[in-house]
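Novice: Starting off with a structure, shown below.
The values are calculated or read from the model by the stated rules, or taken from the named source; none is laboratory data. The shown structure was predicted, so the numbers you read here are calculated from the model rather than taken from an experiment. Here the Cβ positions follow ideal geometry from the backbone for every residue, glycine too, while neighbour counts run over all protein chains shown.
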């Protein structure tokens, strides 16, 4: 548009309606979140590369408790999801929301508290996870004090966002804001429900839920953390930054309406597809599958809306690195949201689950969708808040191609590894015997893990090139922390646009509170339909008489198992397949895990399933295996755990653990907390004596004794039930 015409139009409005409001945008908070996104992106990728290399070179743990794969892996996932992507979300939201509302953020103080509070959570999260304080719930590992802090900081973010929306100078809420609002209310709901727990110390707690119910809640959260933290806010950013970068309007307003409401309604139902062939009731598994397949429509509707926004601008895409990043990001979103429903089909899930196929799927979204869209936004945004040009388009293009190669070198080997692992695990000889032992399949995986590390390294190199390019760009310009702006007051909007016929959806676009409540109702429906029968109908989780609570020593051992992150490599869920029953034993039942707070079904098998581990090997085997895994399993990629032989069990917390379990409904006798330590010592002495017979001298109060007790318990309740049935 001709600037002189714009000035003339504004002057005409001022003369007829009064002067425009003069205000400013807060770019400082955007700048801070941009710096944090860059910093935590590099940190998260470095930790991920380190974890990936540990699967080929377990000696990279350096025999330190804080650096084992079981502790480093959740640091990586939390750093990438909540530090890199989280800061990227806030960077984009704080920039776009002010301009879409034509208003400065509601409170500069709330913005600062939000920024520093989020960085504090990230640092405390990394420190506590490496120290072994974990809830054991994937993507929600942080313990209860940090859960509370997350809720407080998230509310501060929402308060600031809604305060800005309420004092906007734009009548209608643009589509990006719809996604921001849905993100805020749904993430708050997911976090609070999944984080309900009973603390028994200042940094430890037990999940309020157990077994099947905990698994359902966890993957309702886990799947929808992907949906409402890694997807919906980024769709909002796509709807703002893609049209800005392309200098074209969004392809279809009506399609964006369908995309938004259908997506947030359908997504919340899909969590059970992570639990196919597990002990979850069949009706819940089927429900998750049906809604996962339905998700293709709104997901691809959003992708098409994004790509068609670029119609007529493909020449610009070839020249502009920002648009290149965005196009690949939207394409990766389309690929991931097609593959997700595909993986929810039982026939496909039977192959993919517990393998590296799932890892490849996740990283198509994380590296392609979240990573590349974040990079594109940063390349577009930084020159504007520093009032300069990008330092080097050549470096940005180099980053694009190196990053794209990195994604390919990462995901292709993981797809290959997943297919190969699944086929090897299911293969039988002509005589009907399993052809491959689990450890043999691990050896075949190593080259693919190395190729994945190459891909991760390329992606990291690209990110480092971007950091250099952005630093040079910043030095060329000067930060404009307070950007002047002007707009017509909201009260005069009706006068400025008389007689304009509105689309029916405009009614809710003018009412942010109603939009928020409508979004909340839509996302509550799916969770309620899945939770209420699972929690209230006893037949969904039938009890097994032989399943008893853990002894105090086994409970201590289980806590050590969770602390060391053993669930990141081992599952405790035998699916009803011929190969799994032949390899591990009787398939798992829903009633087996009624005392597991949290459940330990796992999501990836880098090691064998442990659901029937009890009694397979003598106590001395487990001792030697934990001290030096390769001494019992040559070629194992499991790191040693020598500190378990040195660390003393903290018996002072045992009575508190028993009391916490009693509050959760575990049927320990009244007053058993006073007897627990004595029973623990008695059982520990028996294991100590068993080890002494094999010439292993260790004190009965060491952590290895408790871990052995727990491992030797796994599956024995079902064996007892089978024995009772045969009698």
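Novice: If residue 104 satisfies every condition in (1) modelled with pLDDT of 95 or more; (2) in a helix (DSSP H, G or I); (3) surrounded by fewer than 19 Cβ atoms within 10 Å (Cβ to Cβ) but one, which is the exception?
Specialist: Every condition holds for residue 104 apart from (2).
Novice: Being surrounded by fewer than 20 Cβ atoms within 10 Å (Cβ to Cβ), in contact (Cβ under 8 Å) with a residue 60 or more places away in the chain and either assigned by TED's automatic domain parsing to the domain that holds residue 566 or more than 30 Å from residue 99 (Cβ to Cβ) (or both) is the requirement here; does residue 132 meet it? Walk me through it before giving the result.
Specialist: Values: surrounded by fewer than 20 Cβ atoms within 10 Å (Cβ to Cβ): yes; in contact (Cβ under 8 Å) with a residue 60 or more places away in the chain: yes; either assigned by TED's automatic domain parsing to the domain that holds residue 566 or more than 30 Å from residue 99 (Cβ to Cβ) (or both): yes.
So residue 132 fits the description; yes.
Novice: Moving on. Could you tell me how many of the residues in the range 607-623 are buried (at least 17 other Cβ atoms within 10 Å of the Cβ) and either in a helix (DSSP H, G or I) or out of contact with any helix residue (DSSP H, G or I) (no Cβ under 8 Å at 6 or more places or on another chain) (or both)?
Specialist: Residues in the range 607-623 being buried (at least 17 other Cβ atoms within 10 Å of the Cβ) and either in a helix (DSSP H, G or I) or out of contact with any helix residue (DSSP H, G or I) (no Cβ under 8 Å at 6 or more places or on another chain) (or both): 4 in total.
Novice: Return the pair list, or none, for Cβ contacts closer than 6 Å from residues in the range 402-428 that are in contact (Cβ under 8 Å) with a residue 40 or more places away in the chain to residues that are crowded, with 17+ Cβ neighbours inside 10 Å and not in a helix (DSSP H, G or I), at least 6 apart or on different chains.
Specialist: Pairs that qualify, where the first residue is in contact (Cβ under 8 Å) with a residue 40 or more places away in the chain and the partner is crowded, with 17+ Cβ neighbours inside 10 Å and not in a helix (DSSP H, G or I), are 418/355; 421/355; 422/355.
Novice: Being under 16 Å from residue 647 (Cβ atoms) and touching a helix residue (DSSP H, G or I) at 6+ places or on another chain (Cβ under 6 Å) is the filter here; which residues of the range 551-560 pass it? Quick ask: steps written out before the conclusion?
Specialist: Within the range 551-560, the subset under 16 Å from residue 647 (Cβ atoms) is 553, 556-560.
Listed by number, the residues that qualify are 553, 556, 557, 558, 560.
Novice: Here is a follow-up. Can you spot a residue in the range 351-372 that is assigned to a strand (DSSP E or B), in contact (Cβ under 8 Å) with a residue 24 or more places away in the chain and within 21 Å of residue 604 (Cβ to Cβ)? Walk me through it before giving the result.
Specialist: So in the range 351-372, the residues assigned to a strand (DSSP E or B) come out as 354.
Pick out the ones that are also in contact (Cβ under 8 Å) with a residue 24 or more places away in the chain and you get 354.
Now drop any that are not within 21 Å of residue 604 (Cβ to Cβ), which leaves 354.
Looking for residues that are assigned to a strand (DSSP E or B), in contact (Cβ under 8 Å) with a residue 24 or more places away in the chain and within 21 Å of residue 604 (Cβ to Cβ), one finds at least one in the range 351-372, hence yes.
Novice: Let me ask you something else. Test residue 176 against the criterion of being more than 25 Å from residue 252 (Cα to Cα) and either in contact (Cβ under 8 Å) with a residue 24 or more places away in the chain or surrounded by fewer than 23 Cβ atoms within 10 Å (Cβ to Cβ) (or both), and give yes or no.
Specialist: When the stated conditions are applied, residue 176 does not pass them.
Novice: Take the conditions outside the structural domain of residue 419 (by TED's automatic domain parsing), crowded, with 18+ Cβ neighbours inside 10 Å, at pLDDT 95 or above and part of a loop (DSSP other than H, G, I, E, B) and apply them to residue 599. Does it pass?
Specialist: So residue 599 fits the description; yes.
Novice: Next question. Specify the residue that is nearest to residue 278 (Cα to Cα); the eligible residues are those in the range 318-350 that are without any contact (Cβ under 8 Å) to a residue 24 or more places away in the chain and touching a helix residue (DSSP H, G or I) at 6+ places or on another chain (Cβ under 9 Å). Steps first, please.
Specialist: Taking the range 318-350 as the starting set, the residues that turn out to be without any contact (Cβ under 8 Å) to a residue 24 or more places away in the chain are 318-319, 327, 342, 347-348.
After this cut, where a residue has to be touching a helix residue (DSSP H, G or I) at 6+ places or on another chain (Cβ under 9 Å) as well, the list is 318-319, 327, 342, 348.
Details: 318: 47, 319: 49, 327: 37, 342: 18, 348: 14 Å.
The extreme case among them is 348.
Novice: Check 85, 47 and return the single one that is assigned by TED's automatic domain parsing to the domain that holds residue 147, crowded, with 18+ Cβ neighbours inside 10 Å and under 25 Å from residue 644 (Cβ atoms).
Specialist: Result: 47 is the single residue among 85, 47 that is assigned by TED's automatic domain parsing to the domain that holds residue 147, crowded, with 18+ Cβ neighbours inside 10 Å and under 25 Å from residue 644 (Cβ atoms).
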